[in-house]
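Notes follow once the structure below has been shown.
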Amino acid sequence: MNMNKIINLTGIHKTNFIQDRKGEFRSIVKVQAGFLTVCDPAPYWKRAIDVFRSYSNGALQTIQFKAEGTEVWLTVFAKSGKKVKLMDEQMFEDMKVADINDGKYWSDTNLYNQIQYAAVNAKTWESKAFVMNAA
């Protein structure tokens, strides 16, 4: 686990299921027809943020993680409507301002928060959104 201190002023619930363990990620997405479907793990999804960055237009609803040696899928990211309800510590640590602001629907959610960005000294889109950036 990265030792960066997470600063979260958004009210999004924090989980700690991944804990830098190896495993698989899968996603639950809303398709254009309006129903939900599960997408099997992709080989290029090494971290939860890779899954997050794979979707646009409000499709992503949930990210689940299954650690190696287990058969249990744990929810590490969940959205309901326009509110992100929970996110794993690994995602908080990896997320950049660009992941939220780049027009892929997230600027319409509670992830987008100028007070949050100021609290972590985020100055550019490459800045981290939830851990302190260098002055």
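Couple of notes before you dig in:
- Every residue from the stretch 58-85 that is aliphatic (A, V, I, L, M) and surrounded by fewer than 17 Cβ atoms within 10 Å (Cβ to Cβ): ALA67, VAL72, LEU74
- Qualifying residue in the stretch 75-98 (condition: touching a residue at least 60 places away in the same chain (Cβ under 8 Å) and more than 28 Å from LYS123 (Cα to Cα)): yes
- Flag for TYR112 being part of a helix (DSSP H, G or I) and over 17 Å from VAL51 (Cβ atoms): no
- Residue within the stretch 48-63 that is free of Cβ contacts under 8 Å to residues at least 40 places away in the same chain, farther than 21 Å from PHE17 by Cβ and out of contact with any strand residue (DSSP E or B) (no Cβ under 8 Å at 6 or more places or on another chain) present: no
- When the stretch 58-76 is filtered for residues that are β-branched (Val, Ile, Thr) and either over 10 Å from the mean Cα position of the chain (by Cα) or not in a strand (DSSP E or B) (or both), the ones remaining, listed by number, are THR70, VAL72, THR75.
- Scanning the stretch 87-102 for residues that are crowded, with 21+ Cβ neighbours inside 10 Å and in a loop (DSSP other than H, G, I, E, B) yields one hit, MET95.
- Residue satisfying all of: in the stretch 25-57; assigned to a loop (DSSP other than H, G, I, E, B) and buried (at least 16 other Cβ atoms within 10 Å of the Cβ); modelled with the lowest pLDDT among these: TYR55
- All positions within the stretch 1-46 that are of a type in the set (D, E, K, R) and within 16 Å of the chain's Cα centre (by Cα): LYS14, ASP20, GLU24, ARG26, LYS46
- Qualifying residue in the stretch 2-13 (condition: surrounded by 15 or more Cβ atoms within 10 Å (Cβ to Cβ), aliphatic (A, V, I, L, M), in contact with a helix residue (DSSP H, G or I) (Cβ under 6 Å, 6 or more places away or on another chain) and in a loop (DSSP other than H, G, I, E, B)): yes
- Looking across the stretch 103-127 at every residue that is under 17 Å from LYS83 (Cβ atoms), touching a residue at least 24 places away in the same chain (Cβ under 8 Å) and of a type in the set (S, T, N, Q), the one that is surrounded by the fewest Cβ atoms within 10 Å (Cβ to Cβ) is identified as ASN110.
- In the stretch 37-47, the residues that are touching a strand residue (DSSP E or B) at 6+ places or on another chain (Cβ under 7 Å) and closer than 20 Å to VAL72 by Cβ: VAL38, CYS39, ASP40, PRO41, TRP45
The values are calculated or read from the model by the stated rules, or taken from the named source; none is laboratory data. Keep in mind the model is a prediction, meaning the values are calculated, not measured. We place every Cβ from the backbone using ideal geometry, glycine too, and count neighbours over all the protein chains shown.
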